[in-house]
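What follows is a single structure, written as structure tokens, with notes after it.
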Amino acid sequence: MKKIIQPVFQLENQLSNEQISFFRQYGFLHVKNFVDKQTVTDFLTEVNNVQSQLLASNTQKINGIPLKFGKDTDGSTIIQRLAFTSQYSSRLSHFLKDQRLKSLLQLLSPYEGRIGENEKDGLVVNHYINTENSQFSQMGWHTDSPRDLFLGSRILPMLNVGLHLDDCAAANGGLRVLAGTHEQSLFKLLFRKKYFIDNKADKNETSFDIEAGDLTIHDGRLWHRVQQSVLFGEASRRRVMYIPFVTGAYQVKHANSPTPFYHKLAQFKPGSLAARLTFAGFKPKKLSV
Ligand SMILES: O=C(O)CCC(=O)C(=O)O
């Protein structure tokens, strides 16, 4: 596995030239200790409260985005993928206005970017756990860009900014990226790997030693995946909040928004013929990048 020698970035109110040029070259950044441990604990409490509220109201979708349910180590039901989380928590919504987060918009230049609190899937919380009944312990190779094609628009630059809420050493599993693939042909963006089906390690992938409170930023066009933890039960727990940074026309989601097709694709089982045919056969409206 390739470990890019990367400086341990700290983020002040403005990105440094070194951070910008690292991002431009590799398509990602890893920022240490973006928030302190107490803030991580507070955010986890917020997420748990949102989860309780949604479970109590039997909510299945938010703004058209399906929630992913699974079982925790004690057999209780948990939400393993939450969408638009900040719409249920003023604390999390306030966090999205952090000046240091706004400074990351510079990475989208020359496009004018914004934090998509009410767009795409909003503030997503992924909760991975490796147990017998878990529905979510890994995620296959993908980029975030074809989602734009499914929504009928051309691929526009975007960032996915992840605030990590658990420690996750590279040896344990977690995020893997293929550095530099944010600059690739449309063909490679669509067909370098089988979307969501391929979970295999790549000899060129980069891994991260993550501590709770760290931030990762990746270009939406970068190939990435989540490696299943080698651990089991509590030790495998990994929670990450993802914030979409978007460009282009404002596309707010609301209670009556339809479920985007890519959510159905992501739910196919690895190796299913339907998944391959569906992805190979979809017809985007425009193909310009
Ligand atoms: O959980 C992660 O670190 C990556 C999640 C991801 O790639 C996604 O939600 O599309």
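Worth a mention:
- Residue check, Glu46 under 26 Å from Thr206 (Cβ atoms) and either over 18 Å from the mean Cα position of the chain (by Cα) or of a type in the set (Gly, Ala, Ser) (or both): no
- Boolean, Asp209 is within 16 Å of the chain's Cα centre (by Cα) and under 25 Å from Leu163 (Cβ atoms): no
- Neighbours by Cβ (under 7 Å, 6+ apart or cross-chain): first from region 130-146, in contact (Cβ under 8 Å) with a residue 60 or more places away in the chain and outside any loop (DSSP other than H, G, I, E, B); second within 9 Å of the ligand (Cβ to nearest atom) and among the aliphatic types (A, V, I, L, M): Met139/Val226
- Residue within region 184-192 that is surrounded by fewer than 21 Cβ atoms within 10 Å (Cβ to Cβ), assigned to a loop (DSSP other than H, G, I, E, B) and within 13 Å of the ligand (Cβ to nearest atom) present: no
- Among the residues listed as Arg147, Arg176, the single one being closer than 27 Å to Glu234 by Cβ and within 15 Å of the ligand (Cβ to nearest atom): Arg176
- Against the criterion of being surrounded by 22 or more Cβ atoms within 10 Å (Cβ to Cβ) and in a strand (DSSP E or B), Ile155 does not qualify.
- Selected residue [within 16 Å of the ligand (Cβ to nearest atom), out of contact with any strand residue (DSSP E or B) (no Cβ under 6 Å at 6 or more places or on another chain) and β-branched (Val, Ile, Thr)] from Ile197, Ile129, Ile210, Ile155: Ile155
- Residue in region 68-85 that is among the acidic types (Asp, Glu), touching a helix residue (DSSP H, G or I) at 6+ places or on another chain (Cβ under 7 Å) and more than 17 Å from Leu104 (Cβ to Cβ) present: no
- Top-ranked residue in region 1-26 [being loosely packed, with under 11 Cβ neighbours inside 10 Å and within 26 Å of Gln227 (Cβ to Cβ); ranked as modelled with the lowest pLDDT]: Ile5
The values are calculated or read from the model by the stated rules, or taken from the named source; none is laboratory data. Only a predicted model underlies this, so the values are computations on that prediction, with no experimental measurement involved. For neighbour counting, all protein chains shown are included, and Cβ atoms are generated from backbone atoms with ideal geometry for every residue, glycine included.
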